[in-house]
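**Student:** A single structure is presented below for examination.
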Amino acid sequence: MDLAVMGEYLPRFGEAFLLTLRIGWAGIALSLLIGLAAAFIRHFKIPLLSGLMAGYIELFRNTPLLVQLFFIYFGLPKLGFTVSPELCGAVGLGLLGGSYMAESFRSGLDAVPPAQSLSALSLGMTRRQLFVHVVLPQAFAISTPSVVANVIFLLKETSVFSAISLMDLMFTAKDLIGLYYDTTECLVLLVLFYIVMLLPVSLLGRKLEKKFEFGRSGT
Amino acid sequence: MESIITDLGFDVLFKGNNAMRLLEGLLVALRISMIAVLISLPLGGLLGVLMSLKRKGIRFFGRLYLEIIRIMPQMVLLFIVYFGATRAFGLKLSPELSSLIVFSLWGTAEMSDLVRGAVQSIPRAQYESSAALGMNTAKTYCFVIVPQIIRRILPNTINLITRMIKTTSLVMMIGIVEVLKVGQQIIEANRKSSPNAAFGVFATVFLLYFLACYPISLLSRYLEKKANG
C-alpha cells in the first residue's frame, strides 16, 4: 500500500464523499417528509389517498433502488420529464426511503395503545391536544430506532448512484482503478470514507435506541 | 391504442424475442439470489446457534464479522471481492463467483443475527419444563425448542429472500448481463425504430421486480401475523 498515492487520490475521494453526502442527506430529508405525510394519510385512513399511498409504499418497498433510478433517469425523459443526475439521485432515494419511513412512522402511530387516547379524552383534552401531547411523543419514541435504521440503510444505498453517472465514491474508485490500477489504495480509501459516513450514524442509532427504550414498554 | 403503446416505447417488447430476453435476464439475477440464499440459510443458522452460546471468543469474532458486513454497502463489498481478490491473491474471480461470495457472506451475517435472536428469546422455562417431563436433550430440541425457533424466524427469513432479490440487482455494476443490462441492449439496438423504448423497457423491469418480490413480501407478512396472533 502506497501512502503517497493515497494522499494524491484523497482530494478526489473527498469531493466524491461530499457529493455523496449532499445527495444522500437531501434524499433522506425528502424521505422523512414523504414518510410522515404518507404515515398520517394511512393512519387517519383518508379516503382515496390512503389507497394510493398503500400502492406507492408496496411498489417502492418491493423494487431495488437501482431499477427505480434507471426508470426515473432514463425512462421518464421519454415522457418529457428530464432530470439532472443529482436531482434524480435525491428524488429516487427520497421515494425509496419515503416508503420505508412511512411504515416506521405508521407502526409508531398504530402502536400507541387506545387506552392512551381514551384516557386523554376523558381528561377533557381536545383532539388536537391529544394528538400533539399524547400520541405523537409516544409514536415518535416507538419509531425512532427503525427510522435510524432506515437512515443507515439509505446512506448505504447511495452506493448505486454511480449507475446514473454521478461522480460518487464508487464511481471515483472504479474510475481510478481503471486508469492507474492502484486497486489496493483505492479500495482502502473507499472503505475508509464509507466508515466515516456510516459509523457515526450507527453509533448514534445505538444511543438513541437506549434512550427511547421507554417507548416500547408502554403497553 | 397501438400508437400509445408505441409512444410509451412498449412496442419493442413485442419485437423478436425481446420480452423473453428480459425475462431470462431477470432469471440470471434471481438464480444468483436463490443460490446465495441456499448457502446463507444453513451457514447463518449454524453461526447463529454458535453466537447464542456463551463462548466469549466465538461471540467476539461473530460480532466482528456481523458488524463489518453490516456497515459496508453491498456494492462496496462487491468491489472489494471483485477487484481486491485479483490484487491480493492473484486469482481472477468471475463476476458471478464474486457476487455469490458477497451475497452469501451478507446473507449468512443477516441470517445468523435472526437465529441468534430467536434462540435467545426462548424462555428458560421451556427447557426446564421439557426436562421435568422427562425429555432428553435431543427430544427437547426436536419437539420443543426448534419448532418455536422456526416459527419465530420464518417471516424474517422469507423477508431476507426479497432483500436478497433486490440486492442482486447490483450485479450489473460488475458486468453481469442481467435484466437491466439486457434492457439497455434492447434500447440501444432499437434506438432508431423505437426512440421511446427506454420508458417501456425500464417500466417493465420495474414491474418485473415488483412481481418477483411482492408475493414473497405478502407471504412473509401473513406468517408474521400468524406467529403473533
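The values are calculated or read from the model by the stated rules, or taken from the named source; none is laboratory data. Nothing here was measured: the structure is a model prediction, and the numbers come from that model. Ideal geometry is used to build each Cβ from the backbone, glycine not excepted, and the neighbour counts take in all protein chains shown. Surface accessibility is based on the protein's heavy atoms, side chains included, excluding ligands, DNA and RNA. Shrake-Rupley method; radii C 1.70, N 1.55, O 1.52, S 1.80 Å.
**Student:** Has region B:176-186 got at least one residue that is out of contact with any Cys (no Cβ under 8 Å at 6 or more places or on another chain), of a type in the set (D, E, K, R), more than 10 Å from chain A (Cβ to nearest Cβ) and open to solvent by less than 80 Å² (accessible area, probe 1.4 Å)?
**Tutor:** yes
**Student:** Here is a further query. For region A:154-172, which residues satisfy the criterion of being within 8 Å of chain B (Cβ to nearest Cβ), under 15 Å from residue B:169 (Cα atoms) and over 18 Å from the mean Cα position of the chain (by Cα)?
**Tutor:** A:163
**Student:** Contact list please: Cβ distance under 8 Å, first residue in region A:23-38 and more than 15 Å from residue A:56 (Cα to Cα), second residue of a type in the set (S, T, N, Q), pairs at least six apart or on different chains.
**Tutor:** A:23/A:158; A:24/A:158; A:27/A:158
**Student:** Find the residue count for region A:39-63, including only residues that are within 24 Å of residue A:88 (Cα to Cα) and either touching a residue at least 60 places away in the same chain (Cβ under 8 Å) or of a type in the set (A, V, I, L, M, F, W, C) (or both).
**Tutor:** Summing the residues that are within 24 Å of residue A:88 (Cα to Cα) and either touching a residue at least 60 places away in the same chain (Cβ under 8 Å) or of a type in the set (A, V, I, L, M, F, W, C) (or both) in region A:39-63 gives 7.
**Student:** If residue B:166 satisfies all but one of (1) under 30 Å from residue B:3 (Cβ atoms); (2) at the interface with chain A (Cβ under 10 Å from one of its Cβ atoms); (3) open to solvent by 20 Å² or more (accessible area, probe 1.4 Å); (4) within 27 Å of the chain's Cα centre (by Cα), what's the number of the condition it fails?
**Tutor:** (1)
**Student:** So which residues in region B:35-45 are open to solvent by 80 Å² or more (accessible area, probe 1.4 Å) and touching a residue at least 24 places away in the same chain (Cβ under 8 Å)?
**Tutor:** Scanning region B:35-45 gives a single hit, B:43.
**Student:** In region A:1-17, what residues are over 22 Å from the mean Cα position of the chain (by Cα), under 18 Å from residue A:197 (Cβ atoms) and of a type in the set (A, V, I, L, M)?
**Tutor:** A:6, A:10 - these are the residues of region A:1-17 that are over 22 Å from the mean Cα position of the chain (by Cα), under 18 Å from residue A:197 (Cβ atoms) and of a type in the set (A, V, I, L, M).
**Student:** Any idea which of B:206, B:210, B:199 is open to solvent by less than 60 Å² (accessible area, probe 1.4 Å) and under 18 Å from residue B:15 (Cα atoms)?
**Tutor:** Working: B:206 fails: under 18 Å from residue B:15 (Cα atoms); B:210 fails: under 18 Å from residue B:15 (Cα atoms).
Only one candidate qualifies: B:199.
**Student:** Does region B:171-229 hold any residues that are of a type in the set (Ser, Thr, Tyr) and outside any helix (DSSP H, G or I), and which are they?
**Tutor:** Across region B:171-229, the qualifying residues are B:193, B:194.
**Student:** Quick check, is residue B:155 at pLDDT below 95 and either within 24 Å of residue A:96 (Cα to Cα) or aromatic (Phe, Trp, Tyr) (or both)?
**Tutor:** When the stated conditions are applied, residue B:155 passes them.
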